[in-house]
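The values are calculated or read from the model by the stated rules, or taken from the named source; none is laboratory data. Not measured: the values here are computed from a predicted model. Cβ sites come from the backbone with ideal geometry, for glycine too, and all protein chains shown count toward neighbours.
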Amino acid sequence: MNFENKMQVVNKLVSDYKMEKSSFYNTPTNKSRDKFWTFNRCVRYYYKLERDFIVDENGNLERVKLNGMPY
């Protein structure tokens, strides 16, 4: 999947992996998240989750690979 902006990546993370949007954007109490979660970092994080994890029937992340190798 090709992403054009950070909002698309974050929406995909929220829908596929049950992440919270506030984890990737600034909040009133934490002003540094927006600097940390850049577009490229979000895209790499999404592809890493896609490669190494699955969502089980309870909605939890389950590791199936470690650095691309079967776990």
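Is one or more of the residues making up the range 29-36 outside any helix (DSSP H, G or I), surrounded by fewer than 11 Cβ atoms within 10 Å (Cβ to Cβ), over 10 Å from the mean Cα position of the chain (by Cα) and hydroxyl-bearing (Ser, Thr, Tyr)?
From the range 29-36, those outside any helix (DSSP H, G or I) are 29-32; that's our starting set.
Then drop every residue that is not surrounded by fewer than 11 Cβ atoms within 10 Å (Cβ to Cβ), which leaves 29, 31-32.
So of that shortlist, the ones also over 10 Å from the mean Cα position of the chain (by Cα) come out as 29, 31-32.
Checking which are hydroxyl-bearing (Ser, Thr, Tyr) leaves us with 29, 32.
Yes, there is a match, as at least one residue in the range 29-36 is outside any helix (DSSP H, G or I), surrounded by fewer than 11 Cβ atoms within 10 Å (Cβ to Cβ), over 10 Å from the mean Cα position of the chain (by Cα) and hydroxyl-bearing (Ser, Thr, Tyr).
Any idea which residue in the range 3-23 is modelled with the highest pLDDT, counting only those that are among the basic types (Lys, Arg) and over 18 Å from Lys35 (Cβ atoms)? It would help to see each step written out before you state the result.
Going through the range 3-23, the residues among the basic types (Lys, Arg) turn out to be 6, 12, 18, 21.
Next, only the ones that are over 18 Å from Lys35 (Cβ atoms) stay: 12, 18.
Details: Lys12: 96, Lys18: 87.
Filtering the range 3-23 for residues that are among the basic types (Lys, Arg) and over 18 Å from Lys35 (Cβ atoms), the one modelled with the highest pLDDT comes out as Lys12.
If you scan the range 1-28, which residues turn out to be surrounded by 12 or more Cβ atoms within 10 Å (Cβ to Cβ) and touching a residue at least 24 places away in the same chain (Cβ under 8 Å)?
Result: Phe3, Lys6, Val9, Val10, Lys12, Leu13, Asp16, Tyr17.
Could you please find all residues in the range 42-69 being in a helix (DSSP H, G or I) and in contact with a Lys or Arg (Cβ under 8 Å, 6 or more places away or on another chain)? Step through it out loud before you land on a result.
Taking the range 42-69 and keeping what is in a helix (DSSP H, G or I), we get 42-52.
Across the range 42-69, the qualifying residues are Cys42, Tyr46, Arg51, Asp52.
Name the residues in the range 1-13 that are more than 30 Å from Met69 (Cβ to Cβ) and either in a helix (DSSP H, G or I) or within 11 Å of the chain's Cα centre (by Cα) (or both), would you?
Going residue by residue through the range 1-13, those that are more than 30 Å from Met69 (Cβ to Cβ) are 4-5, 7.
Of everything in the range 1-13, just one residue is more than 30 Å from Met69 (Cβ to Cβ) and either in a helix (DSSP H, G or I) or within 11 Å of the chain's Cα centre (by Cα) (or both), namely Met7.
I'd like to check something: does the range 14-22 contain any residue that is among the polar types (S, T, N, Q) and in a loop (DSSP other than H, G, I, E, B)?
Just the residues of the range 14-22 that are among the polar types (S, T, N, Q), to begin with: 15, 22.
Okay, now just the ones that are also in a loop (DSSP other than H, G, I, E, B), so none.
No; the residues of the range 14-22 include none that is among the polar types (S, T, N, Q) and in a loop (DSSP other than H, G, I, E, B).
When you scan the range 37-46, how many residues do you find that are within 9 Å of the chain's Cα centre (by Cα) and loosely packed, with under 13 Cβ neighbours inside 10 Å?
1
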